[in-house]
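What follows is a short report on a single structure.
The values are calculated or read from the model by the stated rules, or taken from the named source; none is laboratory data. Keep in mind that what you see is a predicted model, and the values were worked out from it rather than measured. When we count neighbours, we look across all protein chains shown, and the Cβ atoms used for this are built from the backbone with ideal geometry, even at glycine. Heavy atoms of the whole protein, side chains included, go into the accessibility calculation; ligands, DNA and RNA do not. Shrake-Rupley method; radii C 1.70, N 1.55, O 1.52, S 1.80 Å.
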Amino acid sequence: MTVKVVLLEDEELVRSGIRMILESAGDIAVVAEDTDGTRAVELTDRHRPHVVLTDVQMPRVSGLEVVKRLAGHPAAPAVVVLTTFDVDEYVYTALRHGAAGFLLKDTPPRELVTAVRVAARGEAMLSPKITKRLLTDFASAGGSAQAKARLAELTPREHDVAVHIGRGLSNAEIARALNLSESTVKVHIGHIMAKLEAANRTQVAILVHDAGLS
């Protein structure tokens, strides 16, 4: 399968570099690009991308607004946010609104390609350099009890799967850890996301962390 990507980045040199890296992979095609998020919904409707890769800070329509606009789209792609900073308040909000994850702009080319592939599969992709710091900063006073109450709605097996999502494991790794098939893991994840009203795995991971289980 060719992974279709819409790329939103206001700096031409950066945008060209990212496009070159992605398309050199052979199984990724940048089907559209723009300098901000003004046409994000239009480009999604026209090209049906698997992933929208967007800078967080752009003129007119930011990456954060792109996440919000695409969150309720009937064929919502995975949205991965690019940022220059290792901690950015906009990134926190983007994840809360359903972004699949975020990457630093200095992410090595191989990791950028992997991130797009992972996001296209519906899995979360957070920059390894700052995942722990990000999740720690998400913890808020009083959030633990609420998070635990929400996770209590899951069956024991769903709870186990959710905890492993919170630890950053892929579907294959969860399957091995729990002695399940990958297809069964996917079914459990679907149920988990529905019960928790989570837009993606990242939000499940945040909730697990808030409950003190990751």
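Overview of values
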quantity: Search result, residues across region 174-214 that are part of a helix (DSSP H, G or I) and hydroxyl-bearing (Ser, Thr, Tyr); calculated: Ser183, Thr184, Thr202
quantity: Candidates Ala29, Ala25 - the one that is among the small types (Gly, Ala, Ser), open to solvent by 20 Å² or more (accessible area, probe 1.4 Å), at pLDDT 95 or above and over 26 Å from Leu196 (Cβ atoms); calculated: Ala29
quantity: Unique match (being surrounded by fewer than 16 Cβ atoms within 10 Å (Cβ to Cβ), at pLDDT below 75 and of a type in the set (Gly, Ala, Ser)) among Ala124, Ala141, Ala172; calculated: Ala141
